[in-house]
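The values are calculated or read from the model by the stated rules, or taken from the named source; none is laboratory data. Because the structure is a prediction, the values reported are computed rather than measured. FYI the Cβ positions are ideal-geometry reconstructions off the backbone, even for glycines, and counts take in every protein chain you see. Please note that ligands, DNA and RNA were not included when accessible areas were found on the heavy atoms of the full protein model with its side chains. Shrake-Rupley method; radii C 1.70, N 1.55, O 1.52, S 1.80 Å.
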Amino acid sequence: MTSSNSLDRKSQAWSALFSEPMSELVQRYTASVFFDQRLWRADIEASLAHADMLHAQGIISAQDWADIQKGLAHITADIESGQFEWKLELEDVHLNIEARLTQLVGDAGKRLHTGRSRNDQVATDVRLWLRGEIDAIDALLSALQSALVEVAEQHTHTIMPGFTHLQVAQPVSFAHHLLAYVEMFARDQQRLSQVRERTNCLPLGSAALAGTTYPLDRERVARRLGMVDSHGVAQVCQNSLDAVSDRDFAIEFTSAATLCMLHISRLSEELIVWMSQNFGFIQIADRFTTGSSIMPQKKNPDVPELARGKTGRVVGHLMGLITLMKAQPLAYNKDNQEDKEPLFDTVDTLKDTLRIFAEMIGGQTHPTTGAKEGGLTVNKQRMQEAASKGYATATALADYLVKKGLPFRDAHETVAHAVKAAQASGLDLSQLPLSQLQAFHPAIAQDVFEVLSLKGSLDARQTLGGTAPSQVATQIARHRQRLANHAR
Ligand code: ARG
């Protein structure tokens, strides 16, 4: 980045009107090129689409169109190889690229901005860039879901306590628990695809705010940029004032990202609890943990903890963007330049988090054997032990009595007495002798022990979406099919 002490107005795009130079502080304060240079590829793509259309409409010559293509190819190569010199005094990505183009190809470069403003240009660039990022996030969400499904497949019979109020409630399978997260990430994916639809709409051609006097073909530009619906119909923003000022898509995206991070934070919290010594249900691979500088025995779940923390950061970005737009008058205002850093950081945070979670849960693919290794380690025995404490099968006993003819409320009451007695003698319900159980209700017979076993309780929950292994296996098959269709 180069910068002179005070800016010579002649190097700017708007020289004639101004009588004093801009101070370096104001330059730094107003410039966005430090961060918006990441939009360069979208900026060039959109400029090519605009210039192609200007040529097709007879607004610029074939020679100008050829020069613009040549110049932008040159700039692309320079940026890719790190040779491009970004200049602070040229304020943003748009003016940097345009100035260099003019330096390279002369007047054709100066004609590129015909019928265009940075207001419709930046709105187009951000939408194009975000569309690509949504596609990348979509793929990462699929990978994370696949990792969860793969682990679930191995644990349809692994019994753990299901909790409500973080108190042992009923036995569930570990697979069932993991699939709850697959549902959440599937909804995230669906939400993002809806955000993508509204993002994929063209502001360019709105010019500064009111449209332009040139005979632009906006639909041609939209088609070239892939801004079309599922039937191939060009998607063009229909009101020029709205087009240059709308940032709904950024807020919607960040909101969808926030929900996704929120899901990650819930999973993080559970992983952290599960790997604490008191639970001991799982371990995550060492490479996702760190030690303590003072306590030699410690292995801390830094990655899930950070993900939990970074959720707050994304929530903050959402609040920032909402506040940025609140009560903003039409049309473009410079406030909108502040949309970029929160949006960029949201994308970076979400992508990194999804990538790291897919690997932490599913492991890495071994380069030669192709086998997955280094994912979650599951301690089935600890899970089972925890499920056997806490009277997780009490509801099963109540259901048993209902099947013997008792009204549910009476069965509930009867079992509460049984649990109280079992607690007093420090035993599980299944450890009470039949004679003692029968004292609570004469309908209780030998077959009660099948119901009081964890496995019996699990197998019996056959409702659609329930925890019975056969149901969970059906869900696994459905998710596999869904993920395979999505990839196509
Ligand atoms: N860097 C600006 C932004 O990000 C580009 C648009 C500038 N438009 C203007 N009228 N100053 O919003």
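Which of the lysines could a cross-linker bridge to K70, judged by Cα under 22 Å and excluding same-chain residues fewer than eight apart? Excluding near neighbours in sequence, the set is K87, K110. Rounded, prolate or oblate, given the Cα gyration tensor of the stretch 302-404, with a/c below 1.5 counting as rounded? It comes out oblate by the Cα gyration axes.
Projecting the Cα atoms of A123, M160, G82 onto the charge dipole of the stretch 78-165, computed from C-beta unit charges around the Cα centre, puts A123 farthest toward the positive end.
Rolling a 1.4 Å probe over the protein heavy atoms leaves L397 with an accessible area of roughly 0 Å².
Computed packing ranks the peptides 386-393, 129-136, 72-79, 92-99 as 92-99, 386-393, 129-136, 72-79, most packed first, by mean other Cβ atoms within 10 Å. Here's how it looks for G162: its modeled amide H is under 5 Å from those of A169, Q170, V172, which are all 5 or more places away or on a different chain. Of the residues T365, S388, P342, the one whose Cα sits farthest toward the positive end of the charge dipole of the stretch 341-418, with +1 on the Cβ of Lys and Arg and -1 on the Cβ of Asp and Glu, is S388. If the limit is 27 Å between Cα atoms, which of K351/K380; K340/K372; K299/K455; K298/K380; K380/K403 go over it? Long pairs (Cα-Cα over 27 Å): K351/K380; K340/K372; K299/K455; K380/K403.
Under 1.5 on a/c is rounded, so check that first for the stretch 183-324, then, if it is not, pick prolate when a/b is larger than b/c and oblate when it is not; a ≥ b ≥ c are the square roots of the alpha carbon gyration tensor eigenvalues. Prolate. Averaging the Cα positions of each part gives two centres, and for the stretch 95-125 and the stretch 371-413 these lie 66 Å apart. By the helix-only formula, in which each DSSP H run with n ≥ 4 contributes -39500 (n - 2.57) and the sum is divided by residues, the chain has a 222 nm mean residue ellipticity of -19000 deg cm²/dmol.
Near A386, once Lys and Arg are set to +1 and Asp and Glu to -1 for all other residues with Cβ below 13 Å from its Cβ, the sum equals +1. On the basis of the beta-carbon distance and an R0 of 41 Å, A439 and S276 show a calculated FRET efficiency of 0.55. Think of a 1.4 Å ball rolled over the protein heavy atoms: the chain then has 48 Å² of accessible area per residue.
Taking the charge dipole of the chain about its Cα centre, with +1 at Lys and Arg Cβ atoms and -1 at Asp and Glu Cβ atoms, the residue from I251, Q189, A424 reaching farthest to the positive side is A424. Under the convention that each Lys and Arg Cβ holds +1 and each Asp and Glu Cβ holds -1, the size of the dipole of the stretch 171-307 around its Cα centre is about 260 debye.
Straight-distance candidates among the lysines for linking to K420, with alpha-carbon spacing under 17 Å and chain neighbours fewer than 8 residues away dropped: K389. Rounded to 0.05, the FRET efficiency of the D78 and T463 pair, given R0 = 60 Å and the Cβ-Cβ distance, is 0.45. In this structure the amide hydrogen of V236, modeled in the peptide plane, comes within under 5 Å of the amide hydrogens of L202, none closer than 5 places in sequence on its chain. Computed on the stretch 121-191, with alpha-carbon pairs under 8 angstrom and 6+ residues apart, the relative contact order is 30 percent. On full extension, the segment bounded by D410 and H157 gains 87.9 nm, given 0.36 nm per residue less the C-alpha separation. If R0 is taken as 45 Å, the Cβ-Cβ distance between A473 and S293 corresponds to a FRET efficiency of 0.45. Please label the shape of the stretch 329-464 as rounded, prolate or oblate, based on the square roots a ≥ b ≥ c of the eigenvalues of the alpha-carbon gyration tensor (a/c under 1.5 means rounded; beyond that, a/b larger than b/c means prolate, else oblate). The shape class here is prolate.
Derived value for the chain: Kirkwood hydrodynamic radius 26.8 Å. Basis is the mean of 1/r over every pair of different alpha-carbon atoms. Rounded to the nearest 20, the size of the Cβ-charge dipole of the chain about its Cα centre is 1020 debye, with Lys and Arg at +1 and Asp and Glu at -1.
Mean separation of Cα pairs under 8 Å and 6 or more residues apart, divided by the residue count, gives the chain a relative contact order of 15 percent.
What's the extension gain from F34 to A16 if we count 0.36 nm per residue and subtract their Cα-Cα distance?
3.9 nm
Ligands, DNA and RNA left out, the 1.4 Å accessible surface of the stretch 184-243 is 46% carbon and sulfur atoms. The separation of the stretch 160-179 from the stretch 241-273, counted between C-alpha centres, amounts to 27 Å.
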